[in-house]
Amino acid sequence: MTLIASVSLRRVLDSRGNPTVEADVLTESGGFGRAAAPSGASTGEYEAIELPPGEAIAAARQHAVPRLVDSVHAGNQRDVDAALHGADGTDDFSEIGANSAVAVSMAAAKAGADVLGAPLFQHLGGTFRDADRSFPVPLGNVVGGGEHAKEATHIQEFLAAPVGAPSVSEAAFANAAVHEAVGDLLDERGVPAGKGDEGAWAPGIDDAEAFELVEEATDRVADEVGFEVRFGLDVAASELWDADAGVYRYGDRERTPDEQIDYVADLVDEYDLAYVEDPLEEDDFDGFAELTERVGDRTLICGDDLFVTNVERLERGIDVGAGNSILIKPNQIGTLSDAFDAVELAQRNGLDAVVSHRSGETEDTTIAHLAVATDVPFIKTGAVGGERTAKLNELIRIAEEAV
Ligand SMILES: C=C(OP(=O)(O)O)C(=O)O
Ligand SMILES: [Mg+2]
């Protein structure tokens, strides 16, 4: 019933106004799935290759579509993703593009779910998934800079983390309230601020002031809602790293790798950070291990550019104790099967997986279902902005069984 009858691909707009790949998968029984690839700005060096969308679409039409149509069942995700790998023939999707691959992979999953009449999270995660009992806590970007907003903070993301929220809905609204509170505090101080690529405020303030603001905003909202609201960071340290000089550059301020570890460890304790992503550059497995040894008992040290959702890099990290958490971005690796493998390897080894959006997004909601299907503790998907709230609203619907 889920035999793939057609796959079509097109260029659509992402949230930055750039073109991205959208795929439609139709099965012989009329099951339908549509999905679009997101796109990063602070991309890791070891990510699967995103091709210009026109090229990716042409290559997928030539190599992947003929292998899928009338041959592969959308309901068998491993077969779909094996066909995509077979059509590509490289180990980084540089032939058909990880953007085409991930769009087809996700669209096929949705078509498979459609035929079964099951919500996508249940098709992917099994019938015992219950989003009401354990839901992923959304991490909401409330202040940001780095590659997502020039002339703002050096640290890329300050993320509200409503860890005590009793429901995903209350968590999502708490993040929106923190975002609003930060806006009010900036206003009171007469600091003008536009928004970065993920909807976070992007004021021209230094990182120290951003810590102070976000702490005040999360405390204020925690008092209002009556549950614990902490915060976390995506340092995106590879973007600050000057490999020639061997230092992290925060504007005029430099930090050696040892100073960077001390700095982040102090931040964890001073602000009781719930989560720290990419505190060190993407090749520093040993630095990640040292920081994890120091503060990993009280916060998540998460590898994004370090692991790029790749099981080989994750295995290397597990061997040396680099991080206690992995960020999962399906387009970093190209298929849902590969993303699942990374989650499962992490969970088998006691690491937490955190599912994530990209800075360039669409209204696609697959990651909300992926987060519930894999039972992860956190999903990083912004606080405000239509392409961000699309995922949050889908999580609210999933919790209510209204998808
Ligand atoms: C979401 C992120 O940004 P981008 O999509 O630009 O890599 C990130 O670095 O975690
Ligand atoms: Mg990151």
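Every number here is computed from the coordinates shown, using simple stated rules; none is lab data. Keep in mind that this is a model prediction, so the values were computed, not measured. Methodologically, a virtual Cβ is constructed for each residue, glycine included, from the backbone with ideal geometry; neighbour enumeration extends over all protein chains shown.
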> Of D24, D244, D207, D266, how do they rank once you tally other Cβ atoms within 10 Å and put the fewest first?
Replying inline: D244, D266, D24, D207
> Modelled label-to-label distance, A243 and D266, 7 Å Cα→beta-carbon offset: nm?
Replying inline: 2.9
> Stretched out fully, how many nm does the piece from T127 to V191 gain, at 0.36 nm a residue minus the Cα gap?
Replying inline: 18.1 nm
>> Let me check I have the definition right: for region 139-235, take the eigenvalues of the Cα gyration tensor, multiply each by 5, take square roots. What are those semi-axes in whole Å, largest first?
In response: 21, 14, 11
> How large is ³J(HN,Hα), in whole Hz, for each residue of region 183-198 in order, when computed from phi with the Karplus curve 6.51 cos²θ - 1.76 cosθ + 1.60 and θ = phi - 60°, using x for Gly and Pro?
Replying inline: x, 5, 5, 5, 4, 4, 8, x, 9, x, 8, x, 10, x, 4, 9
> If you count, for each residue, the other Cβ atoms within 10 Å and average over each peptide, how do 369-379, 95-105, 209-219 line up from highest to lowest?
Replying inline: 95-105, 369-379, 209-219
> So how do 336-344, 359-367, 300-308 stack up, highest first, on mean other-Cβ count within 10 Å?
Replying inline: 300-308, 359-367, 336-344
> Once every DSSP H run of n ≥ 4 in the chain is given -39500 (n - 2.57) and the sum is divided by its residues, what mean residue ellipticity at 222 nm do you get, rounded to the nearest 500 deg cm²/dmol?
Replying inline: -12500 deg cm²/dmol
> Pick from A208, A177, A64: which is most flexible by mean-square fluctuation in a GNM of the chain where alpha carbon atoms under 10 Å apart are linked?
Replying inline: A208
>> Using the alpha carbons of the chain, what is the convex hull volume per residue in cubic angstrom, as a whole number?
In response: 123
> Can you give the FRET efficiency for E254 and E224, using 1/(1 + (r/R0)^6), R0 = 56 Å, r = Cβ-Cβ distance, to the nearest 0.05?
Replying inline: 0.90
> Which of rounded, prolate, oblate describes region 4-117, given a ≥ b ≥ c as roots of the alpha-carbon gyration tensor eigenvalues and a/c under 1.5 marking rounded, otherwise prolate only if a/b is larger than b/c?
Replying inline: prolate
> Using only the Cα atoms, what convex hull volume per residue in Å³ does region 179-271 have?
Replying inline: 113
> Once both labels are modelled 7 Å past Cα along the beta-carbon direction, what's the R348-L116 spacing in nm?
Replying inline: 2.2
> For region 260-392, what does the alpha-carbon gyration tensor say about shape, rounded, prolate or oblate, given a ≥ b ≥ c as the root eigenvalues, a/c under 1.5 as rounded, and a/b over b/c as prolate?
Replying inline: oblate
> Which ³J(HN,Hα) values, rounded to whole Hz and listed in residue order, are derived for region 144-154 from phi using the Karplus coefficients 6.51, -1.76 and 1.60 in 6.51 cos²θ - 1.76 cosθ + 1.60 with θ = phi - 60°, glycine and proline given as x?
Replying inline: x, x, x, 6, 8, 6, 5, 6, 10, 5, 6
>> For K150, give me every one of the lysines with a C-alpha distance below 28 angstrom, ignoring sequence neighbours fewer than eight places off in its own chain.
In response: K195, K329, K380, K391
> Between D319 and R11, how many nm apart are label points set 7 Å from Cα along the C-beta direction?
Replying inline: 4.2
>> Under 10 Å, Cα contacts only: if you run a Gaussian network model on the chain, which one of A109, A149, A58 comes out with the highest mean-square fluctuation?
In response: A58
> Between A210, N393, V115, whose Cα lies farthest towards the positive end of the dipole of the chain when Lys and Arg beta carbons carry +1 and Asp and Glu beta carbons carry -1, centred on the Cα centre?
Replying inline: V115
